[in-house]
Amino acid sequence: MRTGCLLIVLFFMTKSSFSQRTLSTAQSQLNIGIGLSEYGTPVYVGMDFSLIKNISFGGEISFRSYNEYWGQNNYRRNITGLAANINYHFNNILLIPSPFDLYSGLNLGFYNWSSPDKGYNGNHSSGLGLGVQIGGRYYITKRLGANLEFGGGNAFSGGKVGFTLRF
């Protein structure tokens, strides 16, 4: 009998300690991390805002640098990316437990390639591209979470891993 009562108390304590929800209306979160790419390792920072229940809007900037061998020379290449995104968070509709946040959405963005080395004319832009992403977060605490995202499309492809700080 005491074991049963203890299990019930532990269940409610655990449930209340993980009562963090996904991004609530009028809440924002900062996302930072690294990405996966065949052209260097991107570092990104982004911000998401929730203005409507289960829907977030955001923006992101990324930077990466790598060496490219061309014409018997090694040249440094820098890529800067800028994107806007919209995501739908599935926790309510799929009854996903609170510390998790599963989302999917669209992004619109572009990349700019530049080379600080003289003698290499490899500067160009990707043009505006549309992409999709699917990702998830696990909130370690009420404010701090770990995130993983995969995407594909014209501008942003690959994956990202990082941290989320909720405000």
Requested in this report: Express in nm, to one decimal, how much length is gained between Tyr69 and Gln27 on full extension, taking 0.36 nm for each residue of separation and deducting their alpha carbon distance.
Outcome: 10.6 nm
Report task. Convert each backbone phi in the range 62-72 into a coupling constant with the Karplus relation 6.51 cos²θ - 1.76 cosθ + 1.60 (shift: θ = phi - 60°), then list the ³J(HN,Hα) values in order as whole Hz, x for Gly and Pro. Result -> 9, 9, 8, 9, 7, 9, 10, 8, 8, x, 6
Query raised in the report: In sequence order, what are the phi-derived ³J(HN,Hα) couplings for the range 48-59 according to the Karplus relation 6.51 cos²θ - 1.76 cosθ + 1.60 with θ = phi - 60°, rounded to whole Hz, with x for glycine and proline?
Result: 10, 10, 10, 9, 10, 3, 6, 10, 10, 10, x, x
Report task. Search the structure for amide H atoms under 5 Å from the amide H of Tyr39, placed 1.01 Å from N in the peptide plane, and list their residues when 5 or more places away or on another chain. Result -> none
Query raised in the report: Which residues in the range 48-82 place their backbone N less than 13 Å from a point set 7 Å from the Cα of Ile93 along the Cα-to-Cβ direction?
Result: 53-56
Query - Relative contact order (%) - the range 23-166, alpha-carbon pairs under 8 angstrom, separation at least six - result: 21 percent
Query - Shape of the range 23-166, Cα gyration tensor, a/c cut at 1.5 - result: prolate
**Report entry** From phi via Karplus (6.51, -1.76, 1.60), per-residue ³J(HN,Hα) for the range 111-116 in Hz, x at Gly/Pro
**Finding:** 10, 10, 9, 9, 9, x
Query - Overall form of the range 59-135 per C-alpha gyration tensor (a/c, 1.5; a/b vs b/c) - result: prolate
Query raised in the report: What order do you get for Glu38, Glu149 when you list them from fewest to most C-beta neighbours inside 10 Å?
Result: Glu38, Glu149
Query raised in the report: If you put +1 on each Lys and Arg Cβ and -1 on each Asp and Glu Cβ, how big is the dipole of the range 23-166 around its Cα centre, in Debye rounded to 20?
Result: 300 debye
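Just so you know, all these numbers are worked out from the coordinates, no wet-lab data involved. All figures in this text were calculated on a predicted structure; none of them were measured in a lab. Neighbour counts run over all protein chains shown; Cβ positions are idealised from the backbone, glycine included.
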